[in-house]
Every structure is written in structure tokens, then in C-alpha cells.
Amino acid sequence: MGVKATELRKGTVIEMDGDLYLITDYMHHTPGNLRAIIHVKMKSLMSGSTRDLRLGSGDVLEVAYLDKKPCEYLYKENAGGYVFMDTENYEQFTLPEDLVGEKMPYVKENTPCVVTFHNTTPIGVELPAAVVLEVIEADPAVRGNTATNVKKDAVVETGLKIRVPIFISKGEKVKIRTEDGEFLGRVND
């Protein structure tokens, strides 16, 4: 489905040159009495590279049709891929590490998530805004570091290293923001 450049918005996925691009920045500029110019920054969903594009207001781009399905993360393969299962038809498929590797330290095995498909090809994973994980390793608190918001290193059950307040100890569950790995709070069972 083709749309005019003026109808594009941040977060739209377009097809161009056999690749899928996510629009990360959109700026509509009209200099004086001249025609409108649209500056678009895009990120390739296949390779991760970025690209700048300058469009006229009449240019038409092809918007990609994406399908989101509820799936379950099963396990990581030795070869480096991540195996998921479609919870509707129980089909299993693998996503390569270079496509979703930076997101996976937030996800435990057998965790439900949403996988984005283009046609029948899985292209990405959507994580919840925050996850709850158990701390398996934490540096000991240092006496005297209570005057300000002091943080220490900790490792959670998925192997992710995060910064937590000094009062967090091994065995506690913490809530972590998946966007940037920020500690949000302690979780009581």
C-alpha cells in the first residue's frame, strides 16, 4: 500500500530496495515560498544500518504490512539463534542473534512475548515495558555509602548486568525497564 511522504510518521515501517526500514525521525520543512521538503531517518530492520532520505511532498512510499503474533520464547540454540513458538499453532521458528540479541537478556525461557512478522518471516520481538528478574549475584554493600543514591553492580538470572541500589541483595526480585535496563524497584512476592 503506497502512502504519500506527508502521511508518514515516526514508527512506520516501509519497504524500499528489498529491505524493511523503520522510520526513526520525521521532519517536515517548508522553506519560505519553496516546496515542502520531508527529511526522514530510517533504520533497516534486516541489517540495522541507518539511512537518511529527503523526499518531496508528492513522493509515494510503500508501507510494509506487519503482523504481530503472541509467541513464547523457548531457549537459545548453541549456534546463536533464539527459538520461539507460536502459541496459536505451536510452530517453532528461530530468530538470529544479530536481529534480536540486544533484547534477549531481558527475557527468561518460557516467557510469553510478541513477535513481529513480515509476510511469513519473523523480523523482531516486542518486549513488555518492564520485566521482573531475580538477582543471582550482587556486590556487597560498602559501609558509609548511604548519603546519596549510590548504585552497585548486580547480575540477574538471564545473565544481564544491571546497576541497583546498595540495599539489593542476592535472591531478591527486581523490576527492570527493558528500554534501557534501568532499575525500577524491588518486587515483593
Check your understanding: Picking from 18, 101, 56, 11, which residue would you name as being in contact with a helix residue (DSSP H, G or I) (Cβ under 8 Å, 6 or more places away or on another chain), at pLDDT below 90 and not hydrophobic (A, V, I, L, M, F, W, C)?
Key -> 56
Review point. Which condition number in (1) over 30 Å from residue 19 (Cα atoms); (2) outside any strand (DSSP E or B) is the one that residue 155 fails?
Key: (2)
Practice item. Go through (1) surrounded by fewer than 16 Cβ atoms within 10 Å (Cβ to Cβ); (2) under 15 Å from the mean Cα position of the chain (by Cα) one by one and return the number of the condition residue 159 breaks. Key: (2)
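A quick yes/no check of all residues on (1) under 24 Å from residue 179 (Cβ atoms); (2) assigned by TED's automatic domain parsing to the domain that holds residue 181; (3) aromatic (Phe, Trp, Tyr):
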site: 78; (1), (2), (3): no, no, no
site: 88; (1), (2), (3): no, no, no
site: 113; (1), (2), (3): yes, no, no
site: 118; (1), (2), (3): yes, no, no
site: 138; (1), (2), (3): yes, yes, no
Check your understanding: Being exposed (fewer than 11 other Cβ atoms within 10 Å of the Cβ), over 24 Å from residue 114 (Cα atoms) and not assigned by TED's automatic domain parsing to the domain that holds residue 95, is that true of even one residue in the stretch 36-48?
Key -> no
Exercise for review: Out of 88, 62, 72, report the one residue that is among the charged types (D, E, K, R), in a strand (DSSP E or B) and in contact with a Pro (Cβ under 8 Å, 6 or more places away or on another chain).
Suggested key: 72
Practice item. Kindly indicate which of 76, 68, 10 is touching a strand residue (DSSP E or B) at 6+ places or on another chain (Cβ under 6 Å) and surrounded by 14 or more Cβ atoms within 10 Å (Cβ to Cβ). Key: 76
Exercise for review: Quick one: which residue in 111, 24, 50 is under 30 Å from residue 155 (Cβ atoms) and modelled with pLDDT of 85 or more?
Suggested key: 111
**Study point:** Hey, residue 27 assigned to a strand (DSSP E or B), under 16 Å from the mean Cα position of the chain (by Cα) and more than 24 Å from residue 113 (Cβ to Cβ) or not
**Key:** no
Exercise for review: Go through the stretch 35-59 and count every residue that is part of a strand (DSSP E or B) and either in contact (Cβ under 8 Å) with a residue 60 or more places away in the chain or among the aliphatic types (A, V, I, L, M) (or both).
Suggested key: 6
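The values are calculated or read from the model by the stated rules, or taken from the named source; none is laboratory data. Quick caveat: nothing in here was measured; it's all calculated off a predicted structure. Cβ atoms come from the backbone with ideal geometry, glycine included; neighbour counts cover every protein chain shown.
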